[in-house]
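Report on the following structure.
The values are calculated or read from the model by the stated rules, or taken from the named source; none is laboratory data. Values in this document were obtained by computation on a predicted structure and should not be read as measured data. Methodologically, a virtual Cβ is constructed for each residue, glycine included, from the backbone with ideal geometry; neighbour enumeration extends over all protein chains shown.
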Amino acid sequence: MVFKSRIKWIALFVMILSVGSLVVHLSMTKSSGVQLAYYARDTLWQDFDSLLGAQDFRNKHLWRPVKSLETLQPYANPRISFPAPSSKNNGFIYAKIFGGFDKIRSSICDLVTISRLLNATLIIPELQESLRSKGVSKKFKSFSYLYDEEQFISFLKNDVIVAKTLPESLKGARKRNEFPLFKPKNSASPKFYLEEVLPKLKKAKVIGLIVSDGGCLQSTLPASMPELQRLRCRVAFHALQLRSEIQVLGKKIVERLRKSGQPFLAYHPGLVRDKLAYQGCAELFQDIHSELIQYRRDQMIKQKIISEALIVDSHLRRDNGLCPLMPEEVGILLKALGYSQKAIIYLAGSEMFGGQRVLIPLRAMFPNLVDRTSLCSREELSELVGPETPLPENTYEMPPRKSDKQLKEEWNKAGPRPRPLPPPPDRPIYQHEKEGWYGWLTENDTEPSPSPMDLRNQAHRLLWDALDFAVSVEADVFFPGFNDDGSGLPDFSSLVMGQRLYERPSSRTYRLDRKVIQEFFNITREDMYHPNRNWTLRVRKYLNSSLSESGLIRQSMLSKPRSFLSHPLPECSCRTLALEESKQIRSDDGRFLYGGEDECPKWIKSAGMEKSKTDDGDQPDYEHDLLTEQSETDEEFAKSKVASAFDQDEEWDPND
């Protein structure tokens with residue numbers, strides 16, 4: 001008995017040891033598995049950055065200016081005698097401007113140029129999106145909602161006489177519509193104004209212009225009118241100063257972005273419903289957003305804005321460069337350029353069609369994606385808007401429910417029997433689906449008229465675009481998502497690129513050909529998150545080349561004929577060092593595509609030399625870094641542990 005009891009105790013002890021050993025092994029396995037998972041995740045992100053050449057922000061080749069453009073300097077002063085305007089002129093021009101921030105800015109420059117051409121006094125233009133009827137603060141007038149009136153008038157005193165209002169003796173006649181009214185297109189020529197408008201101006205002494213196409217004068221003027229082009233530059237880059245509250249808040253945003261000592265990149269997606277509908281890019285979106293784009297496109301067809309079919313192949317349009325780069329594609333390109341995961345990206349633009357959902361891939365690659373709402377408090381943004389009269393919120397009213405008696409009457413009037421059974425009830429439409437800005441789709445086939453709150457929000461968009469414009473101009477790098485959209489109208493990104501080209505020509509501004517970019521993506525469309533080395537180097541080479549000569553040539557050929565302010569060269573710049581004639585490039589009609597700038601005056605040269613002494617010249621420029629990267633052989637890259645770890649991992653999900 002004693003022997004048997006000892007065996008039992010020994011067996012029990014062995015079982016306890018076995019269970020304990022099993023528990024210990026399981027816990028160790030779990031712990032090591034979790035650590036391995038974390039290690040694999042961190043390593044894969046590092047491998048992704050290493051493969052695409054990601055560098056820390058302290059490596060200046062990703063942020064430093066483009067050396068080949070440092071000889072360009074802003075210079076919009078008249079080159080010849082440009083007499084000041086006389087108070088005894090041909091009359092007054094008043095104007096109404098329709099459209100958003102980009103259309104307003106371009107239209108004002110055209111109006112000043114036309115006033116100089118016709119020797120007339122310009123009345124401060126009325127911005128229809130910021131009138132008191134739109135519910136904006138009574139603190140501002142129409143023009144002063146965005147711009148500084150006093151600065152506008154005083155700066156242009158040597159070019160054009162600008163008055164705030166018509167003389168009292170003429171206001172009554174304007175209300176009675178006694179003066180000629182014109183609706184010029186944005187392609188109107190100087191000849192049209194001299195032959196059609198000027199005689200009526202001299203006769204009536206007052207004319208009105210309604211500007212709705214983002215401009216009222218053709219972008220490319222005859223070679224005999226370079227001073228009018230420079231006048232456009234003086235208006236856009238000097239006279240049109242945002243009002244002080246916008247400038248102050250814009251500077252605060254820039255300071256907050258650079259507070260950590262890092263530079264930042266500004267990115268404008270350009271995802272605007274009207275432009276997406278114009279180009280037929282509905283299939284790039286999902287669900288209700290595609291339907292909203294198609295509805296707007298159908299409206300444009302009925303209004304004869306476009307003369308194409310309603311349904312088009314969006315993917316073919318995208319391959320032709322007619323659709324915007326999606327945020328996911330922009331993230332891949334920035335990774336290919338070498339921007340690290342810690343890079344700060346400022347998201348510009350008041351409208352983001354598709355909402356936050358389209359930004360998910362970009363935010364996963366670059367967590368430091370911020371916008372004005374994440375950098376400014378509600379109080380700061382409300383101060384920018386000013387005191388406004390409270391408006392009722394947009395509320396959805398349920399349609400009245402039909403009574404049983406009404407339903408029976410409709411059934412009896414439905415026609416002879418036998419009748420088909422009524423259709424099964426639809427999925428219930430919930431209240432939150434009807435209260436959104438797109439809720440009308442659930443009940444109607446026509447879009448409702450904008451409510452007072454909608455009109456006020458449209459006016460607020462002017463302020464948000466102006467604020468983002470100021471930040472984007474000051475950014476260390478600017479990356480456009482949808483410039484030169486092919487509509488012939490000015491766009492936000494193009495205006496930012498033009499302002500940066502005038503103020504700081506050597507700042508890093510990518511000037512992309514979306515058709516070329518889509519050709520790159522079509523090579524690796526099925527595996528965008530695992531690009532090979534050759535693809536990365538080719539993309540990097542193209543994007544870096546767009547910063548300098550090739551990008552400027554493309555802008556001059558495609559963007560300048562539509563909007564002069566997007567490429568104000570060579571009229572509004574000068575060079576501290578003359579460009580060799582062999583490097584100057586002309587178009588078939590003799591227009592300069594690259595080069596052709598005048599030599600800078602001595603005072604500009606001396607200022608440029610002082611600035612160059614303060615710059616750090618020890619850091620290599622991006623062209624040197626690119627050549628160094630390309631010198632690596634494929635064999636050396638194949639031997640890299642980072643490359644092998646990245647290429648062998650087939651289970652990595654970029655959405656994790």
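Couple of notes before you dig in:
- With respect to the conditions (1) under 20 Å from residue 461 (Cα atoms); (2) at pLDDT 90 or above, residue 345 lacks only one, and its number is (1).
- Flag if residue 446 is modelled with pLDDT under 80, among the β-branched types (Val, Ile, Thr) and surrounded by 12 or more Cβ atoms within 10 Å (Cβ to Cβ): no
- Residue among 525, 562, 511 that is at pLDDT below 90 and within 21 Å of the chain's Cα centre (by Cα): 562
- Test: residue in the range 67-76 that is β-branched (Val, Ile, Thr), in the same structural domain as residue 185 (by TED's automatic domain parsing), modelled with pLDDT of 85 or more and in contact with a helix residue (DSSP H, G or I) (Cβ under 9 Å, 6 or more places away or on another chain): no
- The range 125-169: number of residues that are of a type in the set (A, V, I, L, M) and in contact with a Phe, Trp or Tyr (Cβ under 7 Å, 6 or more places away or on another chain): 4
- Screening the candidates 374, 340, 350 for the property of being without any contact (Cβ under 8 Å) to a residue 60 or more places away in the chain and small (Gly, Ala, Ser) yields one hit, 374.
- Test: residue 297 is surrounded by fewer than 18 Cβ atoms within 10 Å (Cβ to Cβ), of a type outside the set (A, V, I, L, M, F, W, C) and out of contact with any Lys or Arg (no Cβ under 9 Å at 6 or more places or on another chain): no
- When the residues of the range 379-437 are filtered to those that are more than 30 Å from residue 133 (Cβ to Cβ), at pLDDT below 65 and among the charged types (D, E, K, R), the one that is nearest to the chain's Cα centre (by Cα) is 433.
- Residue check, residue 239 in contact (Cβ under 8 Å) with a residue 24 or more places away in the chain, surrounded by 20 or more Cβ atoms within 10 Å (Cβ to Cβ) and farther than 14 Å from residue 345 by Cα: yes
- Which listed residue, of 586, 575, is within 28 Å of residue 186 (Cα to Cα), of a type outside the set (Ser, Thr, Tyr) and at pLDDT 80 or above: 586
- Flag if residue 165 is part of a helix (DSSP H, G or I), more than 30 Å from residue 392 (Cα to Cα) and among the polar types (S, T, N, Q): no
Okay, residues lined up against (1) within 23 Å of residue 100 (Cβ to Cβ); (2) in contact with a Leu (Cβ under 7 Å, 6 or more places away or on another chain); (3) charged (D, E, K, R):
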| site | (1), (2), (3) |
| --- | --- |
| 495 | yes, yes, no |
| 502 | yes, no, no |
| 512 | yes, no, no |
| 517 | no, yes, no |
| 522 | no, no, no |
| 539 | no, yes, no |
| 546 | no, yes, no |
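- Subset of the range 131-145 [under 14 Å from residue 454 (Cα atoms) and buried (at least 17 other Cβ atoms within 10 Å of the Cβ)]: 134, 135, 136
- Only residues that are among the charged types (D, E, K, R), farther than 30 Å from residue 307 by Cβ and in a loop (DSSP other than H, G, I, E, B) were counted in the range 469-509, giving 2.
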